[in-house]
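Single-structure report; data block below.
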Amino acid sequence: MEQTAVLSALGLSKRYRRGGPWALREVNLAVPAGSVTAIVGPNGAGKSTLIRSWMSFERPTAGRVLVDGIDPWSHRSEALARVGYVPQSASLYRDLTVSDHVDLAAILRRGFDRSLAVRRLAALAILPKQRAGDLSGGQQAQLALALALGTRAPVLLLDEPLASLDPLARRDFLTLLAEVVRDEERTAFLSSHIVTDVEQVADRLVILSVGRIMLDQDVAAARATHRIVVAAGVLPSNTIGVFAGPSGEQLALFDAAGSPLGRPATLEEIVLGYLAAGRATEAAATGWAA
Ligand SMILES: Nc1ncnc2c1ncn2[C@@H]1O[C@H](COP(=O)(O)OP(=O)(O)OP(=O)(O)O)[C@@H](O)[C@H]1O
Ligand SMILES: [Mg+2]
């Protein structure tokens, strides 16, 4: 898989100040070409830090990252030419219009597909003469996504691209993203807090908790190897995490290839189980007196 990894992290550790907490701790990741990988994790887990490292906005404290085999820290323009990026908060110029943004992208980005971006904006009824600062939060996100798609970059790095979109807009965008990746052999890596979005689009799932990777697996494999039991009495020996079910009962996620115990876990339960495991480890380490 290493040769075909389009995005990789090799022993990546990051802290923002000397002696401060680690935002990422020895993260190893290889994102295969042609995949849609979703990364989920609690606030502050390090998702944006990881994505920003691939964009060369953050310098690794240890280890390194590669974009298509290129180190973005030492070869920024070569690496970034391969990437379409949408930051967590859309970085638009408030006083420029929508069409100014399209013009600017066409000037700054070689190979920018203006008609693709324009078709997308027209389909969303976003008007060319509107000031970006006057668009709603969701429309700003849509503009940023249309510009990223217009780059036709082989790699899309999308940091919570869907957070401010309405449910239909989300579904539309994910459908389009899946098509683009499939038809044009691109690779997408997106962060999200919403498991139904992950379910719709991702073929790989990465769970990050406080700087550490808890799970990095094909979605199909994750479903096949995780099961749920009601946590009453003795827990299965390979229990990963325990969390509250919808009626308040405690559910245990466990690693269970071939086990007859319990029932298959849903993707949401897999995420909840790992997040509960990560939280339990961190709570023990915070130093707060109970
Ligand atoms: N510029 C910065 N300076 C100092 N610390 C930072 C900076 N950016 C992020 N951090 C810290 O790094 C850690 C990871 O933050 P990051 O933004 O990567 O998390 P995240 O997983 O994207 O969270 P969210 O879901 O809230 O977007 C947090 O503890 C955060 O406080
Ligand atoms: Mg973030």
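Bear in mind that the values in this text are calculations on the coordinates, not laboratory data. Remember, it's a predicted structure, so these values are computed and weren't measured experimentally. Note: ideal-geometry Cβ built from the backbone for every residue, glycine included; neighbour counts use all protein chains shown.
List the residues whose amide H sits under 5 Å from the amide H of residue 241, counting only those 5 or more places along or on another chain, with H placed 1.01 Å from N in the peptide plane. Answer set, sorted by chain and number: 253. Between helix 114-123 and the chain there is an angle of about 70 degrees, using the helix long axis and the longest principal axis of the Cα atoms. Using a Förster distance of 30 Å, how high is the FRET efficiency between residue 168 and residue 106, based on the Cβ-Cβ distance and rounded to 0.05? Between residue 168 and residue 106 the formula returns 0.55. Relative to the current alpha-carbon distance between residue 280 and residue 71, full extension at 0.36 nm per residue lengthens the span by 71.8 nm. The DSSP beta bridges internal to the chain are antiparallel in roughly 65% of cases. With the cut-off at under 19 Å, measuring from each backbone N in the stretch 130-162 to a point 7 Å along the Cα-to-Cβ line of residue 95 picks out 130-135.
The rule of thumb for compact globular proteins, 2.2 N^0.38 Å, goes into the C-alpha radius of gyration of the stretch 5-216 0.99 times.
Here, the stretch 210-272 has an Rg and a Dmax of 11.4, 33 Å when only alpha carbons are counted. Between 130, 108, 35, the Cα set farthest toward the positive side of the dipole of the chain (charges on each charged residue's Cβ, about the Cα centre) is that of 108. The modelled label-to-label distance for the pair residue 230/residue 26, using points 7 Å beyond Cα in the direction of Cβ, is 4.0 nm. A simple count of charges around residue 111, restricted to other residues whose Cβ falls under 13 Å of its Cβ and scoring Lys, Arg +1 and Asp, Glu -1, yields +3.
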